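These notes are about the structure you will find just below.
The values are calculated or read from the model by the stated rules, or taken from the named source; none is laboratory data. If you're wondering where the values come from, they're calculated on a predicted model, not measured in any experiment. Ideal geometry is used to build each Cβ from the backbone, glycine not excepted, and the neighbour counts take in all protein chains shown. What goes into the accessible areas is simple: the full protein's heavy atoms, side chains included, and nothing from ligands, DNA or RNA. Shrake-Rupley method; radii C 1.70, N 1.55, O 1.52, S 1.80 Å.
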Amino acid sequence: FAQHTVVVIFLFSVFCDETYLCCSIRCCVIFYLVLKGFVDTFRHQHGLVKGAFTYWSTRAGGRPLSKGLRLDYFVCSKSMIEDGAVPQAYDSFILPDVKGSDHCPIGLVVATQK
């Protein structure tokens, strides 16, 4: 959690101003959920991988420059990430090559059987 916090705080110091007020609200919600015992499924599975963005500013032309933010999340309870759990958060991923919006789709595969 501490490492995730450092990454997000760095990104906010670089990218955020009044324009990104909704980003800071979203960030606070994610931090609150993590503090309450929920898990960011993507970070749990992929660690601190760089460039894992789900949003790029169209005004700033961020996508071609690979300058974005990760604003879209799946969170789950800790029990859903344990081996053998049913249901289990099996895979969490980002689809950055899908265009058509300033956000890209994210996915979560949930195993419903052992």
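Across the range 57-74, computed HN-Hα scalar couplings (Karplus, 6.51 cos²θ - 1.76 cosθ + 1.60, θ = phi - 60°) run 5, 6, 5, 8, x, x, 4, x, 8, 6, 10, x, 9, 9, 10, 10, 9, 10 Hz from first to last residue, x flagging Gly and Pro.
With both labels modelled 7 Å from their Cα along Cα-to-Cβ, the residue 60 to residue 112 distance reads 4.0 nm.
Taking a Cβ cut-off of under 12 Å around residue 61, the surrounding Lys, Arg, Asp and Glu residues balance to a net charge of +2, with basic ones at +1 and acidic ones at -1. Accessible surface computed residue by residue for the range 31-114, with neighbouring protein chains in place and a 1.4 Å probe, gives 62 Å² per residue. Remark: the range 83-95, residue by residue, has Karplus-estimated 3J(HN,Hα) of 4, x, 5, 9, x, 10, 6, 8, 8, 10, 8, 10, 10 Hz, where x stands for each Gly or Pro and the curve is 6.51 cos²θ - 1.76 cosθ + 1.60 at θ = phi - 60°.
Couplings 3J(HN,Hα) for the range 34-47, derived from phi with the Karplus relation 6.51 cos²θ - 1.76 cosθ + 1.60 (θ = phi - 60°), are 5, 4, 8, x, 7, 10, 6, 5, 5, 5, 4, 7, 10, x Hz, where x marks Gly and Pro.
Longer than 25 Å from Cα to Cα, which of 36/67; 50/99; 36/99 are they? Say none if no pair is.
Values: 36/67 30 Å; 50/99 20 Å; 36/99 34 Å.
36/67; 36/99, as the Cα separations exceed 25 Å there.
Binning all Cα-Cα separations of the range 46-99 at 10 Å, short to long from zero, yields these whole-percent fractions: 21, 41, 24, 13, 2.
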